[in-house]
Every structure is written in structure tokens, then in C-alpha cells.
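Worksheet: the structure to be examined is printed underneath.
No value in this document is a laboratory result; all are computed from the given coordinates. In this text the structure is predicted, and so the values were computed from the model without any measurement. Note that we place each Cβ from the backbone using ideal geometry, even for glycine, and neighbour counts take in every protein chain shown.
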């Protein structure tokens, strides 16, 4: 059994403590400067207030000031921060990592390099590590449908672990797998991360339908919703993910698998991204919607903004044609350029032709 | 503008009257022997009781006895019956069809030929036509996410029309397309029909999760559902659809497109197939569930039974290996062999690896 240190006591980082503890590992959950009250509750009452559950038996909580101590002897380090904290996490962990340790990240997001190439968050994290260990620490990531509260409730959860380093990947899968948490290994880290990010953007797209229904006066006298439109937006999302995976040299097949179709399915069930999509679909500008959702981390909007910079680069090298990806272009217009939500349905139909 | 005759005044057949009427066609909605009260209401009050809407302006309703008259001068004939009525519809329409007419079917289902090869319903329909016209009448079908009540409510709806005859396909798309109904043409009729059928079977699979949640005592104190499991079953469904499309020589890409992922998304939102899946997942046998749902047409169960006969043929010719398609095999066990619902989660994880 190993020592596993998790930096970040948010929902997903903390939820991983449950299968790890059940597997018999010593789990050390370290708060960031934002997690003070969570860590305090975990330490004084062994109760995680955000997950609303008792801490699992083999887990203990550490305040941020004790990160050094928490990393002592750890063979696996989990980056459990959100997308805004990735650079910070890399700088915090970097000087403290030792050869032989393996890093795995739960964060979903995407950045654009200055040349418009997509930069997946594990690479962002790697870029913050000191040069001496930058290339020697294996970095893996988790993708796929996983509501943290369900994982902490020991509900059946199936995810993908991506890492190009086969030995590190095998070590991670073995360390995390329980009879209710099923990490499925893939070498295609970039494909997995693209899905994890893009499915957030497309959740925004699916959410537009609920807002358009509101704008049209809601359910009519014969109870017609706009599920047909939502389903078309869902399918356009998976179809565009396949197109983007292909354009970026990754496996298009991921589009119908766990990290794309599967994760889009559960993410589109509800949550803040759907809420943002609904606000935009109902006619609110992005600025208005953002102020209504003040205080929420809107990862999907950041991903769309990254895609606004990536798309021209893909077009410039001929990987994507001008009429392609109508839903992504609509989202870019709404979120990155502040345009009113509007869908060109004929263009959407052409996108759906594949 | 043309005359379009629809046989079957069920939800989907009738809903097609709305875009057709809005396009200016003369629409004749003909009831089957089961549609007496519907046709009576349409004729006396111009109100469709099942759709709960006024009949569209250019549509008129005909009792079954007046089918001959209703077919006079029609250039497009719609088979709007359910899967149990396909053979009957073929025999009813067959002797009355004339060269130059085009047939389009809304029915979703699947049969198995005696040798275990899949038989899509347009081919079943074709088999019932008189030999003289059997090969000369183009037969098309509609697939993709479309809740009939929304289409009749003139909500945005995107579907696929499949037909190997390019001229007939173009004629149909032009005839039906409005600014809210978007038929997307594909030559791959068999691929489309497989998706339309299989997505029903896999909706049963997604529905199991809700039943398993009930069997586990429901939502827990921290409100954990089993959405992660539902999402994994969704992804396994789309992944298995891709595998089956490939094994049957069709385009695997359809799995992430409108007729598979898109239609599975909307079908899994609710309805009788989800209800059946939930009953099975909660521990009821198929016989018990069927008696609870007495009177409902359980197309998904018939499709699973057809797949129970198709699977051995696929294995026999080496197109599918023995460990593949774990979700379909579980459904076959439950529905066709009366086994209790149970999922081998490790096997499911191997399926999700693709």
C-alpha cells in the first residue's frame, strides 16, 4: 500500500480519497488557501462539509502550510485544483516533487498556446515544474463521467485514466481501482483531455435549448418541450468533438465513448454549465449571465474562449473548413464576442450531416 | 405541391402531417383499425386527441375503409404504423401502390431472418409488397431524435432520412423540409435503421441504473444518485452501437451522430422504455415487468429478442468475439432468457475500453 497525497480539497480531489482509502492507501488531503474551513472540519470532526460525508478511514486532512510534510513518502500525488489553480498547483508542487513520484490531475479545462495550438492542462502543469524534473515525472489525467458526490458515496463510477507512460498508467489504475471505481487506461492523454474540456463547452450548447424554450414562452398547451432541439445539439456536440479530435490527430472514436458522449450525457443533466447555457439561450448576453452566476467558476466559458483562439489556427493550417463546427462557432460568438444567442438551424443541419 | 398519404394515425405518423401541411401539401391521414376514435375526432372536430392539437390546415382524416380513395394521386406514402403493424401495412399498401410512388416509414424496430441476419423494417415492408412492384418502389425511413408532440408543436426537430435511391431521397427531403423540421439525407438506410432500433435496446440499458438505485435504497443522505452508472451505460451503449455497425458493415461514425447518440439522449430522458429498464434494474423479472406495463408496446424488448438471434450469427462468422458487447449480452439475458438483472461491472469496464 502507498501514500497518496491530494492537493486541493474540492469535490473531485476529495472524492478520490474514498476509493484510495478503501484500497488501503494512506491518503493525505491537503487544502489550498481556499479550503480552510473544509480542512478544519475534516480535522476536527472527520466530516467533509462539501461532500457532506464522513472522511474515509485511511484519510487525514492537512492545512496548506503542512504540504511538505504531507508529501513525505508519497508515491502518487493528485492535483485536485480547478482550472484556475493549475499554474499555482504546478508551482506549489514542482519544487517538492521527487523522481519516482507520479502525478495525476483531475482538472478539466483547456488553454491556447500563443500560436493557437491547444494546450491541455497536464502540459500546463508540466510547464510549471522545475526543469530538472519536468520531463521525468509522469503526468496522468482523469476523464469521463464522474459526479464527485456519487464517487464519495461509493456508487459505481467508470472513468478513463490517460497517460503516455505505460508503467505509470498501470501503477495508477492498480492503485485507484476498487469494485465501484473503474479507471480504464488509455495512452491517448491528449485525446482524453480534449474530450474532458470540449464536453464542457458542448454542455453549454445543449443548455441553450432550455433557454430557447423559456424565450419561446415555455412548454405549450400540449406540453411540447424542446427536447428534440436539445438532442440535436447533443448530437452536434459529439459530432463536432469527433471532427476536432480528427483535426488534432487524435482518435475520433473517443467521441462515442466514455469521455465524450458519456461525460456529455451526465454533465448535460444539470449543474452550473447547463445553467449558463440556459441563461444564454434565453437571450441574456454572456456579460449578463456571468453577473447572474457571480462567484461560480465557469470552466465551460474559459474553454470556449480558448477554442476562439484555437479555431483560427486550425483553419489556417487547413484542418478545419470555414463552414464546419457550427455549434462551436455559435458558442464562440456568444461567449467570446458577446453576440446574442442565436442558432442558424440550416447550418446546424449541415453540421449534423457529419 | 403533392398529395401525401399517411397510413396510421399514431403519434409519429400524425405529427408528420404538420410540416407537410405547412409546406403546402395535401395530407391525408388514414387510420388503422386501431385508430377509430382518433380519426372520428379528427373528422368531426379537426382535433387530434393523442397529439392534443388541432389538425393542420391542409390535412384531412380518412377512416381505414377509405384507404383506396386516400391513396388516389398520392406521390408519397408514409407508413406510420408501429413495429407490430409493419407486415400488415405492407400487405395493406402493397396491392394499392403504383410505380412512381415513394414509400417512407417511421417505424423503429428490427427482426432477425431465419439465418440470424438482421432484417431492417423497410426490408420487412418490402417483403410484403407484390413481386411486380417489390423492387421498383423506393422505400425510405426516418431515424433520429424526434418526439412527435414536439414536431406537431412545430418545435425545431432534426432527423435523418435514409434511402439508397438518391432521387427518391432528394424528393423526400424537399417535400418534408420546413424551417422547423430538418431531414438530413443519408444513403445508408441500413445503418440508420440499425441505430434507430439499437438505441431503443440501449435505452433499456440506461434505464437499469434508475432501477438499481431503487434496489439500493434510493438516493442516500448526501443525495448521491446513480448518474455515473447511467452515463457509463449510455457510453457503453454508443460504443456497442459502433461495434455492431462495424460488424454489420455500416459506418461506425453513426454512433456519435444524430441517429445513435442523439436519439439515445432524448429517448433515455423518459418514456415506457426507460420505465421498463427501471423495473428490470430494480430486480423485477421481464415477465413481471411486462405484466406491470400491460398494454404498452415494448418495442425495445422485441429488438433485444431479435438481437438474441442475431448475436450467435455474428459470432459464428467471427464478426463479434465472445467477450464483446457486455451490455447487449446482459439485456439478452434479462429480456430473452428471463434472467435477473445483474451487471458484471468488470466486464462493463472492459467494454468501455472500446
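What do the square roots of 5 times the Cα gyration tensor eigenvalues come to for the protein assembly as shown, in whole Å, largest first, as semi-axes of the equivalent ellipsoid?
Working: eigenvalues 461, 143, 102 Å².
Its equivalent ellipsoid spans semi-axes of 48, 27, 23 Å.
Hey, what number do you get for chain B at 222 nm if only DSSP H runs of n ≥ 4 count, each worth -39500 (n - 2.57), divided across all residues, to the nearest 500?
-14000 deg cm²/dmol, from helical runs alone.
Percent of Cα-Cα pairs per 5 Å bin, from 0 to the last occupied bin, for the stretch B:181-232, please list those.
Percent of Cα pairs in each bin: 4, 17, 18, 15, 11, 10, 9, 7, 6, 2, 0.
Hey, in the GNM for chain A with a 10 angstrom Cα cutoff, which one of A:271, A:127, A:143 fluctuates hardest?
A:271
Please report A:14, A:282, A:157 as a ranked list, fewest other C-beta atoms within 10 angstrom at the top and most at the bottom.
Lowest count first: A:282, A:157, A:14.
So what is log10(I(q)/I(0)) for the stretch A:1-101 at q = 0.19, 0.25 1/Å, when the Debye sum runs over its Cα atoms only?
-0.84, -1.45
How long are the three semi-axes of the equivalent ellipsoid of the stretch B:51-157, in whole Å, if each is the root of 5 times an eigenvalue of the C-alpha gyration tensor, listed from largest down?
Numbers: eigenvalues 122, 79, 28 Å².
The equivalent ellipsoid of the stretch B:51-157 has semi-axes of 25, 20, 12 Å.
Classify the stretch B:244-324 as rounded, prolate or oblate from the Cα gyration tensor: take a ≥ b ≥ c as the square roots of its eigenvalues, call it rounded if a/c is under 1.5, otherwise prolate when a/b beats b/c and oblate if not. Please list the in-between numbers first.
Numbers: a/c = 2.59, a/b = 1.44, b/c = 1.79.
Note, shape of the stretch B:244-324 comes out oblate.
Quick one: plug the Kirkwood hydrodynamic radius of the stretch B:78-133 (C-alpha pairs) into Stokes-Einstein at 20 °C, 1.002 mPa s, and report D in µm²/s.
So the translational diffusion coefficient is about 184 µm²/s.
Under a GNM of chain A (C-alpha, springs under 10 Å), which listed residue has the highest mean-square fluctuation: A:34, A:331, A:264?
Answer for the Gaussian network model of chain A: A:34.
Quote to one decimal, in nm, the extra length available between residue A:214 and residue A:72 on full extension: 0.36 nm per residue of separation minus the C-alpha distance between them.
Contour length minus the Cα-Cα distance gives 45.7 nm.
How far apart, in nm, are two points set 7 Å out from the Cα along the Cα-to-Cβ line at residue B:99 and at residue B:3?
So the two model labels end up 2.0 nm from each other.
Where the centroid of each part is defined by its Cα atoms, how far is the stretch A:17-90 from the stretch A:168-190 in Å?
20 Å
If I take every Cα pair under 8 Å that is 6 or more residues apart in the stretch A:3-187, average their sequence separation and divide by the length, what percent do I get for the relative contact order?
Normalised by residue count, the contact order of the stretch A:3-187 is 21 percent.
Counting pairwise Cα distances across the stretch A:3-187, what percent come out greater than 20 angstrom?
50 percent
Per the Kirkwood formula on distinct C-alpha pairs, the Rh of the stretch A:190-352 is how many angstrom?
Here the Kirkwood hydrodynamic radius works out to 15.7 Å.
What's the exposure ranking of A:87, B:182, B:225, A:33, going from fewest to most Cβ atoms within 10 Å?
Listing A:87, B:182, B:225, A:33 from fewest to most nearby Cβ atoms yields A:33, A:87, B:225, B:182.
Using Stokes-Einstein with the Kirkwood hydrodynamic radius over Cα pairs, what translational diffusion coefficient do you get for the stretch B:1-60 at 4 °C and a viscosity of 1.567 mPa s, in µm²/s rounded to a whole number?
117 µm²/s
Please give the FRET efficiency for residue A:87 paired with residue B:123, using the beta carbon to beta carbon distance and R0 = 56 Å, rounded to the nearest 0.05. Write down the numbers at each step before the final one.
Values: r = 58 Å, r/R0 = 1.04.
My answer for the efficiency is 0.45.
Mind pulling the angle between the C-alpha long axis of helix A:189-215 and the longest principal axis of chain A? Nearest 10 degrees, somewhere in 0 to 90.
The angle comes out near 50 degrees.
Using only the C-alpha atoms of the stretch A:187-272, find the volume of their convex hull and express it per residue in Å³. Each step should come with its number before you reach the end.
Values: hull volume 7.4 nm³, N = 86.
It is 87 Å³ per residue.
Once a ≥ b ≥ c are taken as the square roots of the eigenvalues of the Cα gyration tensor of chain A, is the result rounded (a/c under 1.5), prolate (a/b larger than b/c) or oblate (a/b not larger than b/c)?
It comes out prolate by the Cα gyration axes.
Taking only the Cα atoms of the stretch A:289-354, how large is their convex hull per residue, in Å³? All intermediate terms of the calculation are to be shown ahead of the outcome.
Details: hull volume 6.3 nm³, N = 66.
Each residue corresponds to 95 Å³ of Cα convex hull volume.
Going by how many other Cβ atoms sit within 10 Å of their own, how do B:3, B:147 line up, fewest first?
Fewest-to-most Cβ neighbours within 10 Å comes out as B:3, B:147.
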